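Working notes, beginning with the structure itself.
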Amino acid sequence: MTSVKRSETRIPPGLATLVLALLAWEALSLFFPPVIFPGPWTLLERMVAIYSDPASYAVIGQTLLRIFEGFAISMLAGTAFGIVMGLKRDVEIFFDTWIMVLLTVPAVCWAFLSVLWFGISDAAPILTIVLIVFPFVVINIWEGTKAMDKELLEMGSVYRADRRLMFRKVIIPQLMPYIFSSLRIALSLSWKIALVAEAFGAGNGIGQELINWFQDTRVDMMLAWGVSFMIVMVLIDLLAFRLWARRVFAWRPQLAT
Amino acid sequence: METAHVGSQPTVGPGPVLSSAVTVRNLSKGFSKPGTDTHFTVLDDISLSVEEGKFVSIVGPSGCGKSTLLNIIAGIEPYDGGSVEVSPRRGTPTHEPRIGYVFQSPRLLNWLTVAGNIEFALEAQNVPRPQWRERITRQLAMVGLGGQERNYPLKLSGGMQQRVAIARALAIEPDILLMDEPFSHLDAITARKMRFDLMDILAKAKPTILFVTHDLAEAVFLSDRIYMMKINPARIFREVAIDCPRPRKPEDPGLLDLEKDLVREFFGVLEGTRR
Amino acid sequence: MTSSVHSVGLRTGSVVALLLLWWIAAKLMHDPDVLPSPAAIAVTIAQDFVDPGPTGHSATFHVALTLARIFAAFAASMLAGIAIGLAMGRNRVVEGALLAVIPLMLTMPTILMVFLAVMWFGFSEAGGLIAVMAVVTPYVAVNIFEGAKAMDKSLIDMGVAFKAQHSLLIRKVYLPQLMPYIFSAFRYAFGMTWKIVALAETFGLKFGIGYMFFFWFEQFNMVQVLAWIVMFVVLMLVLEHGLFARLESRAFAWRGAIAH
C-alpha cells in the first residue's frame with residue numbers, strides 16, 4: 001500500500017499564543033476573587049449581562065453620539081485649518097505656537113476646564129474631545145499639505161486650473177493618505193478621550209460607568225464595560241477603514257494599506 | 001541671423017509674412033538673496049520669437065535659465081524687465097493665450113486615468129464638455145496611445161506617460177506648445193522614437209513649438225530655428241535657421257555636417273575658446 | 001535675515017495676540033469663575049510658590065514631586081521598553097509571545113490602565129509607576145523592535161568575527177543603529193509619560209500637580225485650576241522644546257549631513 005504523506009496542519013502561531021494567553025489568564029484568575037481579578041470567563045459573563053440589559057444601550061448611545069460629534073468637528077475644522085496652514089506660510093508661523101500649546105495641555109485638564117465652563121452636560125466632553133483631537137488633525141494635514149508635489153501644482157497653474165479644480169483634482173487626492181491616517185487617529189483618540197471626559201462630568205455614558213465601578217472597586221464590571229467598548233471601536237476601525245482604503249487607493253500599483 | 005542651408009533647395013523669395021505666436025523682447029529677470037547684498041541676473045536681455053506653426057529650439061546647458069524662461073512665457077513666473085507677448089492663432093477669436101506645456105517629467109495626476117488627465121486640462125481651459133470625448137480620442141491616436149483611455153499612469157512606461165503629457169498639451173489646441181527637455185529623462189532608444197513621433201505630429205497638427213534642450217543634435221533634427229544660449233546669466237548668443245525639408249533623417253550627411261559646425265561653435269563659446 | 005525677522009515678529013505677535021485675546025475675554029466675562037484675567041493667574045501662581053496653602057506644601061514641592069515621578073516613570077519605561085524590544089528582535093519566541101499581547105495593550109485606553117493600576121497596586125507610587133509603564137513600555141518596545149529588525153546584520157557578524165565582547169557589541173554596534181528609533185520613541189514616550197502621571201495624580205496619588213488640579217476642581221476654584229494648568233504647560237513646553245531639541249542635535253552628530 002502506498003502511503004500518502006499528509007501535509008501537517010499548521011495552526012497559525014498568533015492564534016496559538018492567544019489561546020495559551022487566555023488559558024494562562026483563566027488559571028491566574030482562580031487565585032483571586034472575581035471582583036478584583038476576573039478571568040476571561042467571568043468577564044464574558046459580565047459583558048453578556050451588560051448587553052442583555054436594554055438600559056445599557058442608552059449609555060452606549062450617549063457615548064457614541066459624543067464621540068461622533070467631537071470627531072466630526074475636529075476632522076472638519078482640523079482639515080480645513082491644516083490645509084490653510086500648509087498653503088499659507090504666514091498663517092503657519094502665526095498659529096503654530098497656539099497649536100503647540102493646545103497639544104501640551106493634558107486631556108484631564110481640558111476635561112476639568114470643560115466641566116467648569118459647561119457643567120455636567122454633553123458639551124463638556126465634546127469640547128474636551130475637540131480641544132485634543134483638533135490639533136492632531138491640524139498637524140497631520142498641515143504636514144501633508146507641505147509634502148505635496150509642487151510640480152503638480154505648477155502644472156495645474158500652467159493650464160490655468162481654478163481654485164476649485166485644483167482642490168478637487170490635485171490637492172485633495174494628494175492629501176488622501178493624510179486624511180485617512182487622520183481619520184483613524186482622530187477616531188482612536190476621540191473614544192479614549194470621551195471616556196476620560198465622561199469620567200469627570202457627563203453624568204452618564206461609558207466613562208461614567210467606568211469611574212463608578214472604579215469607586216466601587218469592581219474590577220470585573222469596569223473591565224466588562226471597558227473591554228467590550230474597546231472591541232466595538234476596534235471593529236469599527238478595522239471594518240470601516242480597511243474596506244474604504246481599498247477603494248480609495250485602487251489606482252496605486254500595489255495594494256494600499 | 002544666418003541661414004544654414006541643408007540640401008539643394010535654397011529659400012525662395014521673402015515668403016509669406018508669418019505671424020509671431022510668441023514674441024519676447026529684452027526680457028530680464030534678477031534674483032536677490034534676502035538679507036544680503038547679492039543680486040544675480042537669471043535672464044539677461046533675452047529676445048526671441050516663434051512664428052506660428054514653426055518649431056523653434058533653445059539650446060543651452062542645463063540650469064535654471066531655460067526653465068525660468070519657459071515659465072515666464074507660460075505666465076507662471078514674474079519677470080523684471082522687457083516684454084512677453086503670446087498671440088492667439090490666426091483665425092481664432094481673441095482669447096487668453098492657451099499654453100500647452102510638456103515638462104521634463106510627465107507630471108500626470110496618477111490617481112486619474114489617462115482620459116481623466118486630459119479632461120483635467122480641458123476643464124481647466126473651459127473647453128465645452130461635449131467636445132471632450134472627441135478631442136481625447138483624437139489626441140491619444142495622434143500620440144500612438146489609442147485605446148489607453150482607461151489606464152492609470154503608473155501602469156504605463158515612462159515614454160508612454162510622456163506621450164500622455166503631450167496629448168494633454170495638444171488637446172487644448174494651444175497657441176504655443178512649450179517643451180522643456182521632454183525627452184531627457186527617457187532612455188536613448190525611447191527618446192529617438194519620441195522624436196520621430198513628434199515629427200509626425202508636427203506634420204499632422206502643425207502646432208507652434210518652443211523647445212528647450214541641452215542636446216544640440218536633437219535640436220538640429222527637430223527645429224526650424226535654433227537659439228543658442230549660455231547661462232549664468234542666461235543670454236542668447238546665436239540664432240541659426242535650419243533649412244532642411246521634412247521628414248528629416250538624423251543620419252542625413254548634410255544635417256550631420258551642419259551639426260558638426262554648430263557643435264564646434266556652441267561648445268567653443270560655452271567653454272570660452274570663442275566669443 | 002528679513003524673512004527670519006518676519007517670522008520672529010509673527011511668532012511674538014501670535015503670543016501677544018493670545019494674551020490680549022485672553023485679557024479681553026476675561027474683561028468681557030467679568031466672572032473670575034469662568035475666565036480669570038492673565039494677571040490674576042500670574043499672581044496666583046506666584047502665591048502658590050510662596051504660600052504652602054491648604055495642602056501644607058507650596059507649589060515647589062508639588063512640582064518637584066511630579067517631575068520626580070515623571071522622570072522615574074519615563075526612565076523605567078524606556079529601559080524596560082528597549083530591553084523588551086531588543087529581546088523581541090533577537091528571539092523569535094519572545095517576539096511571538098509578545099506580539100499578540102502588545103497591540104492589545106496599545107489599544108487600551110489610558111484611563112482604564114490608570115484605574116487598573118491604582119485598583120491593583122493601591123493609591124501609591126507603585127500604582128502610578130505601573131500605570132505609566134503599562135502604557136509607555138509597549139510603545140517603546142514596538143519601536144525598538146522595528147529598529148532591531150532593521151539592524152545591519154553584517155555589522156553584527158563583523159563584530160562577532162572580531163570576537164568582540166558582548167558589552168562592546170552593544171555599545172558600539174547595536175546602540176548607534178538603534179539611536180534613531182530610541183530617539184523617536186523618546187519624545188513620544190516623554191509626552192505620553194507626563195500626561196499619564198498627571199492623570200494618575202488626579203485619581204490616586206497624593207500630592208503633585210495632578211493632585212492639585214483635582215483638589216481645586218472639586219472646590220470649583222477656576223483661578224487656581226488655571227494657575228496650575230499654566231504652570232504645568234509651561235514646564236512641559238520648556239522640557240520638551242528646550243531639553244529635547246538640544247539632546248537631539250548632539251545625539252545625531254555622527255550622521256553628518258544626513259537630514260533628520
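Quick notes on this structure:
- Three principal axis extents describe the C-alpha atoms of the range C:32-87; from largest down they are 54, 26, 14 Å.
- Cleavage-rule hits, trypsin sites (Lys or Arg not before Pro), the range B:96-174, DSSP coil, Cβ neighbours within 10 Å at most 15: B:Arg150
- Computed from the Cβ-Cβ distance with R0 of 56 Å, the FRET efficiency linking A:Arg163 to C:Ile170 stands at 0.50.
- Averaged over B:127-140, number of beta-carbon atoms from partner chains that fall within 10 Å: 0
- Between the range A:65-131 and the range B:32-102, the Cα center-to-center distance that results, in Å: 46 Å
- Stretch gain in nm, segment C:Leu99-C:Gln47, where the contour uses 0.36 nm per residue and the Cα spacing is subtracted: 13.7 nm
- 5 angstrom amide H check on B:Glu51, placed H, neighbours 5+ away: B:Ala21
- Its Cα centre serving as origin, chain C has a Cβ charge dipole (Lys and Arg +1, Asp and Glu -1) of approximately 1060 debye.
- Local net charge near C:Phe232, Cβ-Cβ under 14 Å (Lys/Arg +1, Asp/Glu -1): -1
- Each of A:Val138, B:Val127, B:Val24 was scored by other Cβ atoms within 10 Å of its Cβ. Arranged with the fewest first, they read B:Val127, B:Val24, A:Val138.
- Hits among aspartates and glutamates - C-alpha to C-alpha of B:Lys249 under 14 Å, sequence gap 8 or more where chains match: B:Asp197, B:Asp200, B:Glu218, B:Asp257, B:Glu259
- Only Lys, Arg, Asp and Glu carry charge here, each on its Cβ (+1 for the first two, -1 for the last two); on that basis the range B:232-275 has a dipole of about 180 debye about its Cα centre.
- Highest mean first, the peptides A:109-119, A:76-86 sorted by other C-beta atoms within 10 Å per residue fall in the order A:109-119, A:76-86.
- Per-residue mean of C-beta atoms belonging to partner chains within 10 Å, peptide A:108-119: 6
- Taking packing as the residue-averaged number of other Cβ atoms within 10 angstrom, the listed peptides A:26-34, C:31-39 run from highest to lowest as C:31-39, A:26-34.
- Taking a sphere under 12 Å around the Cβ of B:Ala188 and counting the other residues whose Cβ falls inside, with K and R at +1 and D and E at -1, yields a net charge of 0.
- Annotation for the range B:247-267 versus the range C:114-172: alpha-carbon center distance of 68 Å.
- Net charge of Cβ neighbours under 11 Å - reference A:Arg184; Lys, Arg +1; Asp, Glu -1: 0
- Peptide B:106-115, shielding by other chains (average Cβ, 10 Å cutoff): 4
- Sorted largest first, extent of the range A:60-205 alpha carbons per principal axis (Å): 57, 31, 19
- Our estimate of slack between C:Ala17 and C:Ala72, defined as 0.36 nm per intervening residue step minus the Cα-Cα distance, is 16.1 nm.
- Kirkwood-Stokes translational diffusion coefficient of the range B:66-208, alpha-carbon pairs, 25 °C, 0.890 mPa s, µm²/s: 155 µm²/s
- Since only A:Phe167, A:Pro106, A:Ile185 are under comparison, the one whose Cα sits farthest along the positive direction of the charge dipole of chain A, derived from C-beta charges on Lys, Arg, Asp and Glu, is A:Phe167.
- Relative exposure of C:Ile111, C:Ile182, judged by other C-beta atoms within 10 Å (fewest first): C:Ile182, C:Ile111
- Between B:Thr137 and B:Asp37, the simple spin-label model (points 7 angstrom out along Cα→Cβ) gives 6.7 nm.
- When only alpha carbons are used to place a centre, the range A:179-203 and the range C:2-38 end up 28 Å from one another.
- When each of the peptides C:112-124, C:168-180 is scored by how many other beta carbons lie within 10 Å of its residues on average, the order from highest to lowest is C:112-124, C:168-180.
- Residues B:Arg129 and A:Ala147, FRET efficiency given R0 of 30 Å [Cβ-Cβ distance, rounded to 0.05]: 0.35
- Prolate/oblate/rounded label for chain C (Cα gyration tensor, a/c 1.5): oblate
- Note on A:Leu238 and A:Phe68: their simple-model spin labels are 2.3 nm apart, each label 7 Å out from Cα toward Cβ.
- In this structure, the pairs whose alpha-carbon distance is over 25 Å, taken from A:Lys150/B:Lys155; A:Lys146/C:Lys153; A:Lys150/B:Lys54, are A:Lys146/C:Lys153; A:Lys150/B:Lys54.
- For B:Phe237, residues with placed amide H under 5 Å, excluding near neighbours: B:Met228, B:Met229, B:Lys230
- Selection from B:Leu262, B:Ala217, B:Met228, by position along the positive dipole direction of the range B:208-275 (Cβ): B:Met228
- Cα gyration tensor, the protein assembly as shown - rounded (a/c under 1.5), prolate or oblate: prolate
- Only Lys, Arg (+1) and Asp, Glu (-1) charged, at Cβ; the protein assembly as shown dipole about Cα centre in debye: 1760 debye
- Along the axis of the charge dipole computed for the protein assembly as shown (Cβ charges of +1 for Lys and Arg, -1 for Asp and Glu, origin at the Cα centre), the listed residues B:Gly81, C:Phe215, C:Gly147 are led at the positive end by C:Gly147.
- Orientation-averaged projected area, Cα convex hull of the range C:117-176 (nm²): 5.4 nm²
- Stokes-Einstein D (µm²/s) once Rh is taken as the Kirkwood radius of chain A over alpha-carbon pairs, at 4 °C in 1.567 mPa s: 60 µm²/s
No value in this document is a laboratory result; all are computed from the given coordinates. All values derive from a computational prediction rather than experimental measurement. Heads up, the Cβs are rebuilt from the backbone with ideal geometry, glycines too, and the neighbour counts pull from every protein chain shown.
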